[in-house]
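What follows is a short report on a single structure.
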Amino acid sequence: MFGKLYIYDGSTEEDRSQAAGRFSSSDYVRSFGVDSKSALLFVLERLAMEKTYFSRLLVQTHGGPGHISINGRSIWDNTIKSDFSGKNLDALFPLYTRIYFDGCNVAEGSSGIAFLEAVGSVFLRRGGGEVFGWTSYGYGMAGWIPFIGGHTVHFSGQLRRLHFRPGGIRYTPPVPKSPFGDDRRMERGFKV
């Protein structure tokens, strides 16, 4: 069964509070609070050795243009390429996978695109998929808040999404045609 992998920064009270109400017990989600890059690598390598498979990955951390932060330490595109590649981590995602970074403006600017590209090229080599994140600041809602508890809300900016073929090769998908016969684009929304 392909489930969801949920990684969050376990070193901050905000992220722990948000994680507490993010998913119900009926969801098939493996959750891990990590406090360093080495802890993140350990979790991912262990899951790969256990032959655990996922079709979705949610990474909830603080961030900035082109990086995520765990315990105040940044992970950039070059960190992804140097420290995460070559470790068989793409085995975690053998089919089409969606990877979402909900941290503040992770996908902003050219450094944001470079970060999303690095993640896709390393983790989506087997089945391809999508990597996406926001270009704006977000506000993490504590898990106890009804309806939106556990989520990060972005009031501005845009969701930047990159698509990858198997092999971790970025491509631009064709625009879906409107069933109404005009030039309106169909929006299907997203769920991570």
| remark: Counted residues in region 9-28 being surrounded by fewer than 17 Cβ atoms within 10 Å (Cβ to Cβ), at pLDDT 80 or above and more than 20 Å from Val153 (Cβ to Cβ) come to 1
| request: Would you be able to tell me the number of residues in region 22-38 that are part of a helix (DSSP H, G or I) and touching a residue at least 12 places away in the same chain (Cβ under 8 Å)? | output: 1
| Residue count for region 78-121, restricted to those that are of a type outside the set (Val, Ile, Thr), modelled with pLDDT of 95 or more and buried (at least 20 other Cβ atoms within 10 Å of the Cβ) | 15
| task | Kindly indicate whether Gly138 is surrounded by 12 or more Cβ atoms within 10 Å (Cβ to Cβ), touching a Lys or Arg at 6+ places or on another chain (Cβ under 6 Å) and at pLDDT below 95. | result | no
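Would you check which residues across region 142-192 are among the basic types (Lys, Arg) and either out of contact with any helix residue (DSSP H, G or I) (no Cβ under 9 Å at 6 or more places or on another chain) or at pLDDT below 90 (or both) and list them? Can you show your working first?
Filtering region 142-192 for residues among the basic types (Lys, Arg) gives 160-161, 165, 170, 177, 184-185, 188, 191.
Within region 142-192, Arg165, Lys177, Arg184, Arg185, Arg188, Lys191 qualify.
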| said: I need the full set of residues from region 39-77 which are polar (S, T, N, Q), assigned to a strand (DSSP E or B) and surrounded by fewer than 17 Cβ atoms within 10 Å (Cβ to Cβ), in order please. | reply: Ser74
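The values are calculated or read from the model by the stated rules, or taken from the named source; none is laboratory data. The shown structure was predicted, so the numbers you read here are calculated from the model rather than taken from an experiment. Cβ: placed from backbone, ideal geometry, glycine included. Neighbour counts: every protein chain shown.
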